[in-house]
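Inspection log for the structure reproduced underneath, given as structure tokens.
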């Protein structure tokens, strides 16, 4: 595709919505907020949506970023985003969810896991709470192994392997996810403490390790069925997930 310079009026509109976040490896370019009405259990709820892109070049000349969009083949890759609700920057009490993409659960409504339930329920909890953010992490499919590998892991699971065993027999660690970029974006949007909706202590620890203040934890169990019972039990027994009554946060 041919690269063209953005018109002056187009650039002025877009650059006001772009934020540069410098990282050790380059930069994160955060676009937003963008008004996003969402159908949540039959009710229209208006979130503010941001999306981010990693780049090696660090520049505040955002015309360069815009010029390269059509040739960057971004549809071939995945980008993460975040839904924000309420006065997220300044409120004293905000809840967040670091949600890993699950193609089968989030899109198709698969009952093999609880991801689709956790996605919708965390959005509802944020709305009911009044202030919060849902981070949707696009490179986390199958705990970081990717969709195709996840499909093969499902084949192994249908032949007696649990989730951890399936990943390991395909050459992966149990959990290969990284939260650094998401936490960088979180810190750009908010400096005050947060309460994290999770059953996974590794997510709590990641926030603390990267210098984010954690106020507490909200459990997010539910939608247990015959199809995901073993999967949920493996999360607790093999992957260290907390039961609903266990623990609060690493700062305690």
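Taking the 0 to 90 degree range and rounding to the nearest ten, how far is the long axis of helix 147-157 tilted relative to the main principal axis of the chain, both from C-alpha atoms?
So the inclination is approximately 0 degrees.
Please find, in a Gaussian network model of the chain (springs between Cα atoms separated by less than 10 Å), the residue of 24, 89, 141 whose mean-square fluctuation is greatest.
For the chain, modelled as a Gaussian network with Cα springs under 10 Å, the answer is 24.
Largest first and in whole Å, what are the equivalent-ellipsoid semi-axes of region 27-124 based on the Cα gyration tensor, each being the root of 5 times an eigenvalue? Present the calculation step by step, with values, prior to reporting the outcome.
Values: eigenvalues 155, 75, 30 Å².
Square roots of five times the eigenvalues give 28, 19, 12 Å.
For region 1-69, what is the relative contact order in percent, using Cα pairs closer than 8 Å and at least 6 residues apart in sequence? Present the calculation step by step, with values, prior to reporting the outcome.
Working: 88 pairs, mean separation 23.4, N = 69.
That works out to 34 percent.
Which of 95, 66 has the fewest other C-beta atoms within 10 Å, and how do the rest follow up to the most? Please report the intermediate quantities before stating the final value.
On the way: 95 24, 66 18.
Fewest to most other Cβ atoms nearby, the residues stand as 66, 95.
Inverting the mean 1/r over all pairs of different Cα atoms, compute the Kirkwood radius of region 1-69 and quote it in Å.
It works out to 13.7 Å.
Per residue, what volume in Å³ does the convex hull of the Cα atoms of the chain enclose?
147 Å³
Considering all projection directions equally, how large on average is the shadow of the alpha-carbon convex hull of region 140-189, in square nanometres?
3.7 nm²
Fewest to most neighbouring Cβ within 10 Å: what's the order for 194, 155, 224?
155, 224, 194
Quick one: 62, 90, fewest Cβ neighbours within 10 Å first, how do they rank?
The fewest-first ordering by Cβ neighbours comes to 90, 62.
Suppose each label sits 7 Å from its Cα in the direction of the beta carbon; what would the residue 58-residue 107 distance come out to in nanometres?
Each label point lies 7 Å from its Cα, and together they span 3.5 nm.
Which of 124, 192, 25 moves most in a GNM of the chain, Cα contacts under 10 Å?
25
Would you work out the relative contact order for the chain, in percent, from Cα pairs under 8 angstrom that are 6 or more residues apart?
Relative CO of the chain lands at 17 percent.
So how much slack lies between residue 18 and residue 173, counting 0.36 nm per residue of separation and subtracting their Cα-Cα distance, in nm?
Details: separation 155, 0.36 × 155 = 55.80 nm, distance 3.55 nm.
Going from the current span to full extension adds 52.3 nm.
To the nearest 10 degrees, how steeply does helix 115-129 sit against the main Cα axis of the chain, on a 0 to 90 scale?
60 degrees
Quick check: the distance between the Cα centres of region 99-163 and region 72-98, to the nearest angstrom?
16 Å
Values quoted throughout were computed directly from the atomic coordinates according to the rules given, and no laboratory measurement underlies them. Since the model is a prediction, treat every value here as computed from it, not as a measurement. Note that we place each Cβ from the backbone using ideal geometry, even for glycine, and neighbour counts take in every protein chain shown.
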